[in-house]
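Q: What follows is a structure written as structure tokens; I'll ask about it next.
The values are calculated or read from the model by the stated rules, or taken from the named source; none is laboratory data. As the structure is a prediction and not an experimental result, all values here were calculated from the model. Cβ: placed from backbone, ideal geometry, glycine included. Neighbour counts: every protein chain shown. The protein model used for the area step is the full one, side chains on, heavy atoms only, and it has no ligands, DNA or RNA in it. Shrake-Rupley method; radii C 1.70, N 1.55, O 1.52, S 1.80 Å.
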Amino acid sequence: RGMKGRRRGLIIMASRRQMRLQREKDELIRTRLSYQLYKTFGRAQKLPSDTTKEKVLKRYPVWWYKLVSDVVHGDWEGSWKLIDEHEKYLATHLERVGIRKKVGEAMWLTSYWFLVAWQKRKVKRQEKRKDRAQLKYRNARSAVGFDAKKKEDLKMDMRKTKSVWNKGNKKLLKLRDKVKQKRETISARFGPKGFEKKIKLVRKEGVRLQWKKKDIRWKLKQYSDVVIPEDEAVDVFKSKILAIGDRVRLGDKDRHGLRFVYLKSHLRKLTKFQKVQERVSALIDPESARDAIQKRKDFHMQWDNKHLKVSRQWMYEMGGVKIGENDAEEGGIEASELFLHKMPTELFFTRKKIAMKEFARNNPLSQFMIGRAFKILGKICNFCHDMSTKFDEDSSTTVAFKARLKYYRAMQQRVLMLSNKILVERQQGSRTNKFNKVLDAIGRAKDKAIRDGKTLLESLLKKKKAKVIDPFVQWDGSEDKVEIRVNWMEEGDAMMNIKLGDIIVDLDAPGNVAREYCRRYLRDQLNERVGERFLLVAKGEGLPIVEEVTKRIGQLAPQKFNAETREIEHTLTLTANKDKDLEPLQIPVIKSEDQKREEEEIEKKRIWSLLIEDKKYKEVDMAEEKKEELMKELVNAGCKEKKVKKCFNREGKLVSIVYNDTTRNMPMEARKNMKIIVDECLGIDTQGEHNFEVEGVAVEVKDGGAKKEGKDEEQ
């Protein structure tokens with residue numbers, strides 16, 4: 001055994017002597033100016049005595065050495081194997097390609113890129129048609145009394161659109177496979193390029209740090225910028241694993257994306273005065289000053305080893321737990337284990353480019369805009385979520401709102417990655433800190449003061465009450481109205497439907513609007529049956545009146561096939577209320593706004609004629625004959641001519657204020673005669689008895705009085 005060991009040792013020693021002699025021989029070539037110049041630009045010749053590190057670095061310019069060293073990360077043998085594999089492949093598989101073939105391949109790839117893009121859009125349209133057909137068939141299948149033949153047609157249409165979508169999807173996959181194979185063929189011509197691919201990957205994602213064959217894991221505390229090694233015995237700075245100012249990547253790329261930070265120190269830098277003080281002390285007592293500086297550096301290194309600081313904060317979500325939110329039970333120290341990747345030292349211009357990007361993102365204006373965008377997207381997401389809960393789960397509107405919610409949530413996460421601090425959506429009526437809570441209290445007090453002030457002004461100025469708006473005016477003026485057929489279901493049998501008539505209404509209106517339209521436009525037909533005691537039919541049964549507001553007319557009136565007209569039309573079904581305690585109640589006449597306005601004008605004129613002292617008109621235009629007749633009545637009643645003339649203005653119109661003041665204390669007989677003259681000028685006939693009918697209600701007017709007579713006194 002000893003003899004075999006000595007023989008192996010002699011062989012190793014002989015090879016080392018030979019390498020040393022070859023090194024001394026090649027040193028003459030290395031000292032040449034031409035060799036140094038070629039080495040600067042990565043074009044130096046290969047020498048037999050080159051080490052593995054020199055073999056790798058010699059293929060790159062001098063300014064790439066730091067970047068390549070960070071990419072290799074000590075594994076020079078593995079990197080040289082990748083380079084050697086690529087060179088051997090080129091030596092045995094070198095294929096010369098002409099310019100004509102290169103142009104043809106480029107044109108082929110361009111044309112197929114357009115084909116893939118066009119097929120992708122086509123498949124998307126086909127998928128929308130498929131979803132629309134499925135929704136139509138699902139609604140027809142759940143509808144009551146839907147025609148079986150039409151349902152079968154919808155089913156076949158659904159299968160057809162699904163088959164077309166599957167064919168288009170298969171065609172798209174084939175096109176993508178062709179492009180992939182063509183690219184692999186072209187890339188195989190240039191060799192594996194293993195080391196170049198490794199450089200590209202490391203520049204994008206970084207190198208995962210290792211220590212004693214174990215991955216270093218780091219913990220990010222909640223609402224903190226402190227990163228602490230899991231194993232506190234690892235001295236990352238003394239081992240030259242990391243340094244202050246290094247650019248690292250935290251987290252997992254698939255779950256967190258590419259999130260880069262810079263390592264900083266918690267300790268402040270020395271001021272100019274402290275630096276001058278150190279220099280002066282070094283001149284006076286060099287040894288003690290050197291010891292003090294070394295102690296400070298050691299203390300800083302030990303402190304930074306346990307208290308690293310990162311330049312940004314994020315909220316991670318791993319395993320269903322949101323990292324970054326306060327946790328009262330855990331004391332706010334819930335943490336997540338994150339891998340640490342060190343980014344290589346980039347080239348000069350690349351470093352400047354990264355610095356410009358960091359400045360564009362880190363300046364206060366950009367961070368403010370990022371925060372505002374995050375909040376606005378949060379409001380949009382809340383709106384989409386609320387709207388998605390107001391419609392049926394299987395409706396196309398709900399599907400559309402959920403898709404938009406997913407899109408805006410993803411956009412909000414991308415905006416969150418640009419922020420330097422943790423952003424949290426503010427809940428309605430709450431703030432994130434005490435200062436903002438005070439602002440909320442001030443805002444509430446201001447709003448209350450404004451409301452109280454408006455109430456006080458309205459009471460002082462006696463502001464007129466706001467006009468009550470008919471709740472059905474909005475839907476009556478809608479431009480999206482459709483014609484709906486109204487049927488009556490006898491004795492709860494869905495097959496015994498009798499047509500009552502048609503109404504034109506918006507499908508998005510609530511169910512109580514449909515009830516009001518039926519009362520107004522199908523009054524006679526309903527009064528012949530149950531009057532007010534009817535219910536809207538939903539899923540074959542009468543829908544309670546209190547639940548009508550929760551349903552849309554589009555849900556209560558689905559599209560059905562009409563065997564008579566051979567068309568699909570919206571059909572609303574009514575049925576009788578089976579409650580035994582309810583008695584039939586006739587639907588009264590519902591007056592329109594124009595009819596109400598005319599009645600109000602007639603009532604006002606009638607009141608004016610009854611209460612002549614409290615007339616609200618200011619001036620009355622009178623003919624000369626009526627004017628002379630009224631003046632004669634006033635003089636006969638005992639008024640002076642001078643006072644009578646003051647009752648008329650320059651235009652010859654009767655002034656109501658002066659006239660009422662003049663006739664206030666006159667006898668009733670004289671006032672009655674003068675009232676008749678004024679009423680004739682106003683166009684009001686109050687003499688005798690006049691009977692007239694307004695919307696089916698008999699009204700008798702006698703001597704300015706009114707008395708209603710009808711079948712129903714309450715009506």
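Q: Filtering the stretch 135-157 down to residues that are assigned to a helix (DSSP H, G or I) and aliphatic (A, V, I, L, M), which residue is least open to solvent (accessible area, probe 1.4 Å)? So that I can check it myself, show each step before the final result.
A: First, pick out the residues of the stretch 135-157 that are assigned to a helix (DSSP H, G or I): 135-142, 148-157.
Still in the running and aliphatic (A, V, I, L, M): 135, 140, 148, 154, 156.
Details: 135: 33, 140: 5, 148: 75, 154: 33, 156: 101 Å².
Once the filter is applied, the top-ranked residue is 140.
Q: What are the residue pairs meeting all of these: first residue in the stretch 560-580, first residue more than 15 Å from residue 530 (Cα to Cα), second residue among the acidic types (Asp, Glu) and in a loop (DSSP other than H, G, I, E, B), Cβ atoms under 8 Å, and 6 or more apart or on different chains?
A: 560/147; 561/147; 563/147
Q: Do you know which of the residues in the stretch 574-614 that are part of a loop (DSSP other than H, G, I, E, B), closer than 22 Å to residue 517 by Cβ and open to solvent by 80 Å² or more (accessible area, probe 1.4 Å) is modelled with the lowest pLDDT?
A: Looking at the filtered set, the residue picked out is 584.
Q: Turning to a different aspect of this structure: Within the stretch 367-390, which residues are over 18 Å from the mean Cα position of the chain (by Cα) and either touching a residue at least 24 places away in the same chain (Cβ under 8 Å) or under 30 Å from residue 539 (Cβ atoms) (or both)?
A: Looking only at the stretch 367-390, we keep the residues that are over 18 Å from the mean Cα position of the chain (by Cα), and these are 367-368.
The one that is over 18 Å from the mean Cα position of the chain (by Cα) and either touching a residue at least 24 places away in the same chain (Cβ under 8 Å) or under 30 Å from residue 539 (Cβ atoms) (or both): 367.
Q: Let me ask something else. Does the stretch 83-105 hold any residues that are under 25 Å from residue 57 (Cα atoms), of a type outside the set (D, E, K, R) and in a helix (DSSP H, G or I), and which are they?
A: Passing the criteria: 83, 86, 89, 90, 91, 92.
Q: Right, next: Condition check: in a helix (DSSP H, G or I), open to solvent by less than 50 Å² (accessible area, probe 1.4 Å), closer than 21 Å to residue 414 by Cβ and modelled with pLDDT of 90 or more. Does residue 376 satisfy that?
A: Working: in a helix (DSSP H, G or I): yes; open to solvent by less than 50 Å² (accessible area, probe 1.4 Å): no; closer than 21 Å to residue 414 by Cβ: yes; modelled with pLDDT of 90 or more: yes.
The answer is no for residue 376.
Q: Right, next: For the stretch 390-407, what are the residues that are under 14 Å from residue 379 (Cα atoms) and either open to solvent by 50 Å² or more (accessible area, probe 1.4 Å) or in contact with a strand residue (DSSP E or B) (Cβ under 7 Å, 6 or more places away or on another chain) (or both)?
A: 404, 406, 407
Q: Quick test of your reading of the structure: residue 72 fulfils all but one of (1) over 50 Å from the mean Cα position of the chain (by Cα); (2) under 30 Å from residue 343 (Cβ atoms); (3) free of Cβ contacts under 8 Å to residues at least 60 places away in the same chain. Name the failing condition by number.
A: (1)
Q: Quick check, is residue 160 open to solvent by 100 Å² or more (accessible area, probe 1.4 Å), at pLDDT 90 or above, over 28 Å from residue 557 (Cα atoms) and among the charged types (D, E, K, R)?
A: On the way: open to solvent by 100 Å² or more (accessible area, probe 1.4 Å): yes; at pLDDT 90 or above: yes; over 28 Å from residue 557 (Cα atoms): no; among the charged types (D, E, K, R): yes.
When the stated conditions are applied, residue 160 does not pass them.
Q: While we're here: Could you list, in sequence order, the residues of the stretch 125-134 that are open to solvent by less than 80 Å² (accessible area, probe 1.4 Å), at pLDDT 90 or above and of a type outside the set (S, T, N, Q)? First the steps, then the outcome.
A: Step one: of the stretch 125-134, the residues open to solvent by less than 80 Å² (accessible area, probe 1.4 Å) are 126-127, 130-131, 133-134.
Now drop any that are not at pLDDT 90 or above, which leaves 126-127, 130.
127, 130, listed by residue number.
Q: Hey, among the residues in the stretch 256-291 that are touching an Asp or Glu at 6+ places or on another chain (Cβ under 8 Å) and either open to solvent by 80 Å² or more (accessible area, probe 1.4 Å) or farther than 30 Å from residue 413 by Cα (or both), which one's modelled with the lowest pLDDT?
A: Our first condition is that a residue be touching an Asp or Glu at 6+ places or on another chain (Cβ under 8 Å); within the stretch 256-291, this holds for 258, 262-263, 265-267, 270, 289.
Among the residues that remain, those that are also either open to solvent by 80 Å² or more (accessible area, probe 1.4 Å) or farther than 30 Å from residue 413 by Cα (or both) are: 267, 270, 289.
Numbers: 267: 62, 270: 76, 289: 84.
If we take residues in the stretch 256-291 being touching an Asp or Glu at 6+ places or on another chain (Cβ under 8 Å) and either open to solvent by 80 Å² or more (accessible area, probe 1.4 Å) or farther than 30 Å from residue 413 by Cα (or both), then 267 is modelled with the lowest pLDDT.
Q: Could I ask something else about it? Taking the stretch 164-210 as the region of interest, how many residues are acidic (Asp, Glu), under 40 Å from the mean Cα position of the chain (by Cα) and surrounded by 13 or more Cβ atoms within 10 Å (Cβ to Cβ)? Give the derivation first.
A: Residues of the stretch 164-210 acidic (Asp, Glu): 177, 184, 196, 205.
Narrowing the set further to residues that are under 40 Å from the mean Cα position of the chain (by Cα) leaves 177, 205.
After this cut, where a residue has to be surrounded by 13 or more Cβ atoms within 10 Å (Cβ to Cβ) as well, the list is 205.
Of the residues in that region, 1 qualify.
Q: Within the stretch 1-44, how many residues turn out to be among the small types (Gly, Ala, Ser) and part of a loop (DSSP other than H, G, I, E, B)? I'd like the intermediate steps shown before the answer.
A: Step one: filter the stretch 1-44 for residues among the small types (Gly, Ala, Ser), giving 2, 5, 9, 14-15, 34, 42, 44.
Still in the list and also part of a loop (DSSP other than H, G, I, E, B): 42, 44.
Residues that pass the stated criteria total 2.
Q: Also, quick follow-up: Confirm whether residue 458 is surrounded by 10 or more Cβ atoms within 10 Å (Cβ to Cβ), modelled with pLDDT of 70 or more and farther than 30 Å from residue 549 by Cβ.
A: On the way: surrounded by 10 or more Cβ atoms within 10 Å (Cβ to Cβ): yes; modelled with pLDDT of 70 or more: yes; farther than 30 Å from residue 549 by Cβ: yes.
Yes; evaluated as a whole, the condition is true for this residue.
Q: So which residues in the stretch 66-82 are assigned to a helix (DSSP H, G or I) and surrounded by 14 or more Cβ atoms within 10 Å (Cβ to Cβ)? Give the derivation first.
A: Initially, the stretch 66-82 is screened for residues assigned to a helix (DSSP H, G or I), giving 66-72, 76-82.
Once the filter is applied, which keeps residues that are assigned to a helix (DSSP H, G or I) and surrounded by 14 or more Cβ atoms within 10 Å (Cβ to Cβ), the stretch 66-82 yields 67, 68, 69, 70, 71, 72, 76, 78, 79, 80, 81, 82.
Q: Does the stretch 340-354 contain at least one residue that is modelled with pLDDT under 90, among the charged types (D, E, K, R) and either outside any loop (DSSP other than H, G, I, E, B) or within 25 Å of residue 262 (Cβ to Cβ) (or both)?
A: Checked against the condition, which is being modelled with pLDDT under 90, among the charged types (D, E, K, R) and either outside any loop (DSSP other than H, G, I, E, B) or within 25 Å of residue 262 (Cβ to Cβ) (or both), the stretch 340-354 yields at least one hit.
Let's see how each residue does on (1) in contact (Cβ under 8 Å) with a residue 24 or more places away in the chain; (2) over 17 Å from residue 579 (Cα atoms); (3) open to solvent by less than 60 Å² (accessible area, probe 1.4 Å):
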{"residue": "501", "(1), (2), (3)": "yes, yes, yes"}
{"residue": "504", "(1), (2), (3)": "no, yes, no"}
{"residue": "510", "(1), (2), (3)": "yes, yes, yes"}
{"residue": "513", "(1), (2), (3)": "yes, yes, yes"}
{"residue": "523", "(1), (2), (3)": "yes, yes, no"}
{"residue": "527", "(1), (2), (3)": "yes, yes, yes"}
{"residue": "530", "(1), (2), (3)": "yes, no, yes"}
{"residue": "538", "(1), (2), (3)": "no, yes, yes"}
{"residue": "550", "(1), (2), (3)": "yes, yes, no"}
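Q: To continue, here is another question. Given 470, 480, which one is surrounded by fewer than 16 Cβ atoms within 10 Å (Cβ to Cβ), over 16 Å from residue 572 (Cβ atoms) and either modelled with pLDDT of 75 or more or in contact with a strand residue (DSSP E or B) (Cβ under 9 Å, 6 or more places away or on another chain) (or both)? Before you say what the answer is, go through the steps one by one.
A: Numbers: 470 fails: either modelled with pLDDT of 75 or more or in contact with a strand residue (DSSP E or B) (Cβ under 9 Å, 6 or more places away or on another chain) (or both).
480 is the lone residue from the list that is surrounded by fewer than 16 Cβ atoms within 10 Å (Cβ to Cβ), over 16 Å from residue 572 (Cβ atoms) and either modelled with pLDDT of 75 or more or in contact with a strand residue (DSSP E or B) (Cβ under 9 Å, 6 or more places away or on another chain) (or both).
Q: I've got another one for you. Condition first: open to solvent by less than 50 Å² (accessible area, probe 1.4 Å) and touching a residue at least 60 places away in the same chain (Cβ under 8 Å). Now tell me which residues in the stretch 86-124 satisfy that.
A: 86, 97, 105, 109, 112, 116
Q: For residue 47, all conditions in the list (1) among the hydrophobic types (A, V, I, L, M, F, W, C); (2) open to solvent by less than 90 Å² (accessible area, probe 1.4 Å); (3) assigned to a helix (DSSP H, G or I) hold save one; what is the number of the exception?
A: Only one criterion is unmet by residue 47, namely (3).
Q: In addition: Across the stretch 423-455, what is the number of residues that are under 30 Å from residue 413 (Cβ atoms), aliphatic (A, V, I, L, M) and at pLDDT 70 or above?
A: Final tally of qualifying residues: 2.
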